[in-house]
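Data first, discussion second: the structure below is written as structure tokens.
Throughout, read-outs are computed from the coordinates displayed, never taken from laboratory work. As the structure is a prediction and not an experimental result, all values here were calculated from the model. Positions of Cβ are generated from backbone atoms using ideal geometry, with glycine treated the same way; all protein chains shown enter the neighbour counts.
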Amino acid sequence: MTSLTLFLWASLILLALGLVGLITRRTIVGMLISVELLLNGAGLSIVAAAKTSSTNGLVDIHGQLAALFVMGLAAAEATIVLAMVLVAQRRFGTVATEAITTIKGSKA
């Protein structure tokens, strides 16, 4: 078994855990952690594929830059979702997804 296969299995496990967590979690914070697992699995597979398929150092650098872009995307996503969690907590008093069913309340 090659090192690429091992890295791809590890990234597949991260992706599967993230997907299962995203489906089963009830809170927004749990869903955020699951999305982070998904993005980490994608970044690991990008770096592993670039490292094992490189013939010179330049291709390896491109894979690392792509993984750095994925990490930046994950940081931006976490910032936005945490801001949304704070707004939901202040407005609804909870971050459970079942309790947050409307975006805009009705004036009745």
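Just one of (i) 169; (ii) 86; (iii) 102 is volume of the Cα convex hull per residue in Å³ as worked out from the coordinates here. Which one is it?
Among (i) 169; (ii) 86; (iii) 102, the one derived from this structure is (ii).
About its Cα centre, how strong a charge dipole does region 3-92 have in debye, to the nearest 20, once Lys and Arg get +1 and Asp and Glu get -1 at the Cβ?
With Lys and Arg at +1 and Asp and Glu at -1, about 380 debye.
Positive end of the dipole of the chain, charges at C-beta (+1 Lys, Arg; -1 Asp, Glu), about the Cα centre: which of Ala75, Ser53, Ala88 has its Cα farthest in that direction?
Ala88
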